[in-house]
Amino acid sequence: MHHRSWTHWACLVSLGQTLFKTALDVLPGNCRMHHNYATTLDDYKDREAKEFHLKEAIRIWPEYGAAYTNLGVVYAKNGELEKGVDIWKEGLAKGRNVVGGDKPVL
C-alpha cells in the first residue's frame, strides 16, 4: 500500500478511536460501542484495553457473536490459540448474527 494510503488509514483509525471513545463516555452500557472501540485498538500494543472492551460487550450482550469472534482473534494472535478456539466455540454456542438474528456469526 502506498505511504499516503497508510497515512490516510492511520488518520481514519485514530478518528474512529476518538469517536467510539467519546460515544462510550455517553453510552457506557452500549455493547456495540465497546465492540467498535475495541476493533480500532491494536491486537498487541493495546491488548488489555481491547480485551476489556470485547469482554464488556459480551457481558452486556452475551449473544453478541462478533465480540466472541474478535476476542478469539486477539487470543490467537497473542499465542493463545486454544483459548481463542474456546471463545470461538462459546460464541458459536451463544452468539447470533447481530444483524440477521438466527445465523451464527462464526
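Per-structure values
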| read-out | value |
| --- | --- |
| Residue that is farthest from the chain's Cα centre (by Cα), among those in the range 30-49 that are of a type in the set (S, T, N, Q) and closer than 19 Å to GLU63 by Cβ | ASN30 |
| Unique match (being in contact with a Lys or Arg (Cβ under 7 Å, 6 or more places away or on another chain) and not aliphatic (A, V, I, L, M)) among ASP43, ASP25, ASP86 | ASP43 |
| Entirely in the range 1-74, the helices (runs of 4 or more DSSP H) that have 3 or more residues that are open to solvent by less than 60 Å² (accessible area, probe 1.4 Å) and modelled with pLDDT of 90 or more | 31-39, 47-60 |
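The values are calculated or read from the model by the stated rules, or taken from the named source; none is laboratory data. Given the structure is predicted, the values throughout are model-derived calculations rather than measurements. Glycine also receives a Cβ, built like all others from the backbone with ideal geometry; neighbour counts cover every protein chain displayed. The protein model used for the area step is the full one, side chains on, heavy atoms only, and it has no ligands, DNA or RNA in it. Shrake-Rupley method; radii C 1.70, N 1.55, O 1.52, S 1.80 Å.
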